[in-house]
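Here is the structure we will look at, set down as C-alpha cells.
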Amino acid sequence: ENPDHSLHAQEFVDSLRPLSPRLYSVANSPKAFPSQVHFTIETLRYPFNGRQVNGVASCWLASLKSNSKVPIYLQSNPNFRLPSPETSIIMIGPGTGIAPYRAFLQERKAIGASGKNWLFFGHQHQSCDFLYEEELHNYLEDRTLEYLHCAWSRDSSQKIYVQHKMLEEEET
C-alpha cells in the first residue's frame, strides 16, 4: 500500500518499543512520614552531538505540578533491607543513590537503633549536589549518624570518588 516505501508517522510510532519502567528507591521511612512517599530523582540533561538530550522519565517528573497524580507500582527487594537494630551498618550512596539510605537513617532514628551508622556519599559538586545536607548534619549532631564521608568528584582538579574515601577509612 505504500509504493514509495516512505514510513508514515504512525507506522514509525507503532514500530517503537515501549519505554521500560523506571525504578526509584523510596527515600523516606513510613515511621518518619506515615502518609507520604518521597523519591530522590535527578533530572538527566546533557548535550550530545550538538543537541540537548533530556531524560524521559526524570524530566517528565520534574515538570509535574505539586498536586499531580502519578501511577506507580511497588517493586520490592527483600535482599535490600536493614539488619537488626543493634547491628552497625555502612551505607554507600553515590548521587541519588542516597535515597534508600536517607530512609534507613530515618527508620533507625525512629526505632532507636543502637547499631552505628556510617554513610559514604558522593556526587559532583558540594555546592549544588549535597542532597539532604541539613538533614544529614542533623543526624550527625544527634548521633543517629556516626560518620559521614563525602566525595565531590568535580570540585577539584583531582577527581575524588566514594571509593577513595572508603580506602582512607579502611583501618577505622
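Neighbours of residue 172 by Cβ distance under 12 Å: Lys/Arg scored +1, Asp/Glu scored -1, total -3. Computed from phi, the 3J(HN,Hα) profile of the stretch 50-65 under the Karplus parametrisation 6.51, -1.76, 1.60 (θ = phi - 60°) reads x, 9, 7, 10, 10, x, 4, 6, 5, 6, 5, 4, 5, 8, 6, 6 Hz, with x in place of Gly and Pro. Take the chain with all the other protein chains still there, run a 1.4 Å probe, and you get 72 Å² of accessible area per residue. Taking amide H as placed 1.01 Å from N in the peptide plane, the amide H of residue 92 sits under 5 Å from that of 120, each at least 5 places away or on another chain.
Please report the antiparallel percentage of DSSP beta bridges with both residues in the chain, rounded to the nearest 5. Restricted to the chain, the bridges split so that about 30 percent are antiparallel. With K and R counted +1 and D and E -1, the other residues having a Cβ less than 13 Å from that of residue 114 yield a net charge of +2. Its DSSP H runs of at least 4 residues, each contributing -39,500 (n - 2.57), put the calculated 222 nm mean residue ellipticity of the chain at -7500 deg cm²/dmol, to the nearest 500. What net charge do the residues around residue 127 carry, taking every other residue with its C-beta under 15 Å from that of residue 127, with Lys and Arg at +1 and Asp and Glu at -1? For residues surrounding residue 127, the net value is -3.
Among the listed pairs 69/109; 116/165; 109/159; 31/165; 65/116, those with a Cα-Cα distance over 28 Å are 69/109; 109/159; 31/165; 65/116. Share of carbon and sulfur in the accessible area of the stretch 76-171 stands at 48%, probe radius 1.4 Å.
Under 5 Å from the amide H of residue 145 lie the amide H atoms of 140, each residue being 5 or more positions distant or on a separate chain, with H modelled from the backbone and absent for Pro and chain starts.
The values are calculated or read from the model by the stated rules, or taken from the named source; none is laboratory data. Worth saying up front: this structure is predicted, and the values here are computed from it rather than measured. Neighbour counts are summed over all protein chains in view; Cβ atoms, including those assigned to glycine, are modelled from backbone coordinates with ideal geometry. Surface accessibility is based on the protein's heavy atoms, side chains included, excluding ligands, DNA and RNA. Shrake-Rupley method; radii C 1.70, N 1.55, O 1.52, S 1.80 Å.
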